[in-house]
Amino acid sequence: MTYPETEQLQQLIAEANHILIIQADNPDADSLGSALALETVLGNLDKKTSLYCSVDMPTYLRYMPGWDRVAKDIPSNFDLSIIVDASTMTLLEKFQDPSIKGIIASRPCVVLDHHAITDNPIPFTTIIINDGSRASAGELLYILGKELAWPFDTAAYEYVANTILGDTQGLTNELAKPETYRIMAELLEKGVDRPKLEEVRREFGKMPEVIFRYKAKLIERTELHSDGRIAYVSVPQQEINDYSPLYNPAPLIQNDMLQTSGVQVAIVVKVYENGRITAAIRANSGYMVAGALAEHFGGGGHKYASGFKLTNGKPLGEVKQECIRYATELLNNQVAELQSETV
Ligand SMILES: [Mn+2]
């Protein structure tokens, strides 16, 4: 077995009748795909399953059939919970509520994740399998399933492929290891039709005209800081109300930011009326500062993709200034490190 906890995981699943699958507050293709793959496999094992996420599935993820089974409430009668693609309490805000925390903590709780760096870990887990060398939580699930002979079907394999394609941005970023390609090849052999997956996702990713025009506004408002290395834009509550339900502003604009010459880091901040601020951070290849920048604000993520949220009522001006200051520092440090390495 690749992981020492694998047999215990098998045991916990064998003993459970109703398994709650939990996604963190920032669902992405890996989060949803892992949850649905696990749901499929556990269903094939004749387990009852429930899917939980505290937030609505973003529209851009709804290309994965079954997204609408993810509910915002926690059933009372589950006997095992499995958290996928997250190992930090920071991204499980509802678990701060003592009654919800009590329900989850009173039964076995498993974490299946691939975020090597973990801040603010979940205090009540029974087992944690967190392998930072995996491209996606779905890839980890696939490995575990292979070793435990879980009954994957084509749908489950497709979900796993979607988790890998999501987190590796179509096998293009550093998360895609040789092993990832081998696993993708296995998935194709098992019947996954990659062109079909791409087509389905592209169709769902299409934007309404109003979003196309909104994108122009975001581009217009984007600020470039630190000699054009940092692209920054903020989205106020009114625009969150008007546009977020149709298309998430961050993915709408962030790729274009990163495709602008000289830009190394792209930051999209959402500002809510109640003082809450959330940030989505993406970095270009070679500028591995996204995770560290998010951690500075109590968030987390990967080298090239991360996020944080603040609920301490800090004014946007201060957050922005600190964000740009610290991003600049991280970028400068990285350049200095690279130079010293080559000496
Ligand atoms: Mn992931």
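The values are calculated or read from the model by the stated rules, or taken from the named source; none is laboratory data. Bear in mind that the values here come from a model prediction, so they are computed numbers and not experimental data. Don't worry about glycine lacking a Cβ; one is built from the backbone with ideal geometry, like all the others, and counts go over all protein chains shown.
Summary table
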{"quantity": "Residue match in region 86-94 (condition: in a strand (DSSP E or B) and surrounded by 12 or more Cβ atoms within 10 Å (Cβ to Cβ))", "calculated": "yes"}
{"quantity": "Contacts under 9 angstrom Cβ, first residue in region 151-169 being on the phi > 0 side of the Ramachandran plot, partner within 11 Å of the ligand (Cβ to nearest atom) and among the polar types (S, T, N, Q), 6 or more apart", "calculated": "none"}
{"quantity": "Enumeration of residues in region 220-235 that are exposed (fewer than 14 other Cβ atoms within 10 Å of the Cβ) and not in a loop (DSSP other than H, G, I, E, B)", "calculated": "Glu220, Arg221, Glu223"}
{"quantity": "Only listed residue being assigned by TED's automatic domain parsing to the domain that holds Val55 and under 18 Å from Ala35 (Cβ atoms), chosen from Pro98, Pro108", "calculated": "Pro108"}
{"quantity": "Residue list for region 111-129, restricted to those being within 11 Å of the ligand (Cβ to nearest atom) and either modelled with pLDDT of 95 or more or not assigned by TED's automatic domain parsing to the domain that holds Glu93 (or both)", "calculated": "Leu112, Asp113, His114"}
{"quantity": "Residue match in region 174-187 (condition: within 16 Å of the ligand (Cβ to nearest atom), surrounded by fewer than 22 Cβ atoms within 10 Å (Cβ to Cβ) and among the small types (Gly, Ala, Ser))", "calculated": "yes"}
{"quantity": "Test result for Ile240, touching a Pro at 6+ places or on another chain (Cβ under 9 Å) and assigned to a helix (DSSP H, G or I)", "calculated": "yes"}
{"quantity": "Of all residues in region 259-289 being under 18 Å from Glu223 (Cα atoms), in contact with a Lys or Arg (Cβ under 9 Å, 6 or more places away or on another chain) and outside any strand (DSSP E or B), the one that is farthest from the ligand (Cβ to nearest atom)", "calculated": "Gly262"}
{"quantity": "Total residues in region 1-28, condition among the small types (Gly, Ala, Ser), surrounded by fewer than 23 Cβ atoms within 10 Å (Cβ to Cβ) and in contact with an Asp or Glu (Cβ under 9 Å, 6 or more places away or on another chain)", "calculated": "1"}
